[in-house]
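A short worksheet on the structure shown next.
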Amino acid sequence: MICYWSKVRSEKGLIYFAAINEGLVYCSTPGGKEAEMKEWMAKHLPDYVLEEGSNDILDLAKKQLVDYFKGKGRILDVPMHFIGTPFQKSVWKALTTIPYGETRTYGQIAALIGNPKAPRAVGGANNKNPIALFVP
């Protein structure tokens, strides 16, 4: 099984992406490091061969992000494949429902996923989000 990775330059530094056939699995913040991406991949997808290159998902992710940074687009909606605990996945999925330009508190996200007493856990899940920028 292959996981393709690529990078794109932004004003704030390089952004690294990785995707499998099911979706985007990793997107660093600007200034990310290749070694960090490779370490994450080795930990979370050890059965995959990490290969520099591209697939349709990476091509779309790079195009959307470049357009976003140029002010030409507001939608970052590539297929994503979340890798985490069931709770983390529920948080990340909920985060993708926040409309452009809006914010939500951890408490609001906790209530949205049916766990209103877990705002700190929502913050912890958000901190572990491997698909930065696409999952706000």
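The values are calculated or read from the model by the stated rules, or taken from the named source; none is laboratory data. Please read these numbers as outputs of a predicted model, since none were measured by experiment. Cβ: placed from backbone, ideal geometry, glycine included. Neighbour counts: every protein chain shown.
Summary table
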| quantity | calculated |
| --- | --- |
| Criterion (surrounded by 12 or more Cβ atoms within 10 Å (Cβ to Cβ), farther than 18 Å from Lys128 by Cβ and hydrophobic (A, V, I, L, M, F, W, C)) met by exactly one of Leu24, Leu95, Leu50 | Leu50 |
| Subset tally (residues that are of a type in the set (Lys, Arg) and either outside any helix (DSSP H, G or I) or in the same structural domain as Thr29 (by TED's automatic domain parsing) (or both)) for region 90-127 | 2 |
| Residues being over 20 Å from Ser28 (Cα atoms), crowded, with 16+ Cβ neighbours inside 10 Å and modelled with pLDDT under 95 - total across region 98-136 | 0 |
| Filter pass, Thr85 being polar (S, T, N, Q), over 14 Å from the mean Cα position of the chain (by Cα) and loosely packed, with under 15 Cβ neighbours inside 10 Å | yes |
| Residues (over 15 Å from Glu11 (Cβ atoms), of a type outside the set (Asp, Glu) and not in a helix (DSSP H, G or I)) located in region 45-71 | Leu45, Pro46, Tyr48, Val49, Leu50, Gly53, Ser54, Asn55 |
| Lone qualifier among Ile15, Ile75, Ile83 - being of a type in the set (Val, Ile, Thr) and farther than 14 Å from Phe134 by Cα | Ile83 |
| Search result, residues across region 68-82 that are crowded, with 19+ Cβ neighbours inside 10 Å and either touching a Gly at 6+ places or on another chain (Cβ under 6 Å) or touching a residue at least 60 places away in the same chain (Cβ under 8 Å) (or both) | Met80 |
